[in-house]
1. Given the criteria at pLDDT 85 or above and not hydroxyl-bearing (Ser, Thr, Tyr), does Ile160 qualify?
2. Here are the criteria: (1) closer than 30 Å to Leu274 by Cβ; (2) crowded, with 22+ Cβ neighbours inside 10 Å; (3) not small (Gly, Ala, Ser). Tell me which single one Leu185 does not satisfy.
3. If you check every pair at least six apart or on different chains, which have Cβ atoms under 6 Å apart with a residue in the range 233-255 that is among the aliphatic types (A, V, I, L, M) first and a residue that is modelled with pLDDT under 90 and surrounded by 16 or more Cβ atoms within 10 Å (Cβ to Cβ) second?
4. Among the helices (runs of 4 or more DSSP H) confined wholly to the range 1-114, which include 3 or more residues that are in contact with a strand residue (DSSP E or B) (Cβ under 9 Å, 6 or more places away or on another chain) and either in contact (Cβ under 8 Å) with a residue 60 or more places away in the chain or β-branched (Val, Ile, Thr) (or both)?
5. When the range 241-287 is examined, which residues are found to be in contact with a Ser or Thr (Cβ under 6 Å, 6 or more places away or on another chain), modelled with pLDDT under 90 and under 24 Å from Lys135 (Cα atoms)?
6. Just give me the residues in the range 79-121 being crowded, with 16+ Cβ neighbours inside 10 Å and modelled with pLDDT of 85 or more, in sequence order.
7. Taking the range 216-233 as the region of interest, how many residues are among the aliphatic types (A, V, I, L, M), over 17 Å from Val98 (Cβ atoms) and surrounded by 23 or more Cβ atoms within 10 Å (Cβ to Cβ)?
8. Which members of the range 159-204 meet the condition of being among the basic types (Lys, Arg) and touching a residue at least 12 places away in the same chain (Cβ under 8 Å)?
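The values are calculated or read from the model by the stated rules, or taken from the named source; none is laboratory data. Note that the structure is predicted; figures quoted are calculated from it, not measured. Glycine gets a Cβ as well: all are built from the backbone with ideal geometry, and neighbour counts include every protein chain shown.
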Amino acid sequence: MNFKQLNYFAVVAEEGQITAAARRLFVGQPALSSQLKQLEEELGAKLFVRQPHGIELTDAGKKLYSYSQQILTLARNAETEIKEIEAGRFGSIRLGSVSSSIGCLPSPKLVAFVKDHPGIALDILEDNTFGILEKLKNNLLDLAIIRTPFSRVNLASVEISDEPMTAVTSLDYFAGKESVSLEDLAGCPLVIYRRFEEMFKESFAEKGLTPNFIVKCDDSRTAIRWSDSGLGIALVPESIALAYAKGRIYPVSLDKWRTHLQLVWREDQVVTPLMRQMIALYEKSVF
């Protein structure tokens with residue numbers, strides 16, 4: 001099995017048709033079919049089943065496709081990094097981003113950086129924090145912007161921002177108040193971003209209070225939408241509230257409820273010249 005065969009296989013799996021895959025690969029159908037047949041013979045497994053509407057992957061094919069994504073990505077990454085090391089000017093950076101990175105991705109300084117480096121391309125992959133960390137672990141990303149808390153095992157990081165939590169509501173829960181306390185929130189219906197649940201629970205417990213979490217979700221923007229519907233109070237980072245909230249925004253007067261955006265990368269990976277420039281940009285800049 002070689003990279004050419006693996007790439008042909010992956011394209012066929014994605015297109016679902018030999019004809020479409022051949023057009024995409026700029027090869028003839030007989031040559032493509034021959035490569036696929038040779039791959040099946042070498043592996044001793046049937047990878048496709050022909051159907052009237054095209055082809056479907058067998059269980060073995062699905063497993064190989066999963067591996068092919070990592071193998072081909074790693075191969076492309078190796079090629080790019082070698083070229084970057086030699087030239088130090090061209091290439092791409094695969095940058096992971098969580099939804100709550102608004103304000104620093106994109107940012108004026110990052111946009112200016114890309115404009116000043118016409119040979120550079122950014123490949124942005126968006127996911128939640130756990131998905132981003134998994135992609136970093138599998139070497140499918142070079143850098144990522146994620147929000148604390150997260151596991152720091154085998155990760156290097158640069159802090160980008162430090163911000164408080166806010167309470168967002170479209171209803172008149174806190175008339176006359178400029179900020180709210182845990183005591184104010186304890187008796188209210190709360191909508192939370194699930195990643196902060198343990199931090200919230202711990203703080204309420206320390207005060208002997210029991211929070212009323214009526215909705216838990218996996219995106220701060222979703223929490224705000226629930227709040228905007230009038231169901232409850234969303235507890236979200238300040239930057240997300242300022243960007244998306246339609247209701248009132250109240251700072252939460254609790255130092256412990258602070259969260260940080262950080263640029264992270266694997267400690268054991270090769271830091272290319274482009275990556276070093278990007279890291280330096282975040283190290284010395286306020287976005």
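1. Working: at pLDDT 85 or above: yes; not hydroxyl-bearing (Ser, Thr, Tyr): yes.
Against the criterion (at pLDDT 85 or above and not hydroxyl-bearing (Ser, Thr, Tyr)), Ile160 qualifies.
2. Among (1) closer than 30 Å to Leu274 by Cβ; (2) crowded, with 22+ Cβ neighbours inside 10 Å; (3) not small (Gly, Ala, Ser), Leu185 violates only (1).
3. Matching pairs, first to second residue: Val236/Ser220; Ile240/Ser100; Ile240/Ser220; Ala243/Ile102.
4. On the way: elements: 3-15, 18-25, 29-43, 59-87.
By residue number, 59-87.
5. Across the range 241-287, the qualifying residues are Thr259, His260, Leu261.
6. Ile93, Arg94, Leu95, Gly96, Ser97, Val98
7. Taking the range 216-233 and keeping what is among the aliphatic types (A, V, I, L, M), we get 223-224, 231, 233.
Filter again for over 17 Å from Val98 (Cβ atoms), leaving 231, 233.
Those left that are additionally surrounded by 23 or more Cβ atoms within 10 Å (Cβ to Cβ): 233.
Counting residues in the range 216-233 that are among the aliphatic types (A, V, I, L, M), over 17 Å from Val98 (Cβ atoms) and surrounded by 23 or more Cβ atoms within 10 Å (Cβ to Cβ) gives 1.
8. Filtering the range 159-204 for residues among the basic types (Lys, Arg) gives 177, 194-195, 201.
Lys177, Arg194, Arg195, listed by residue number.
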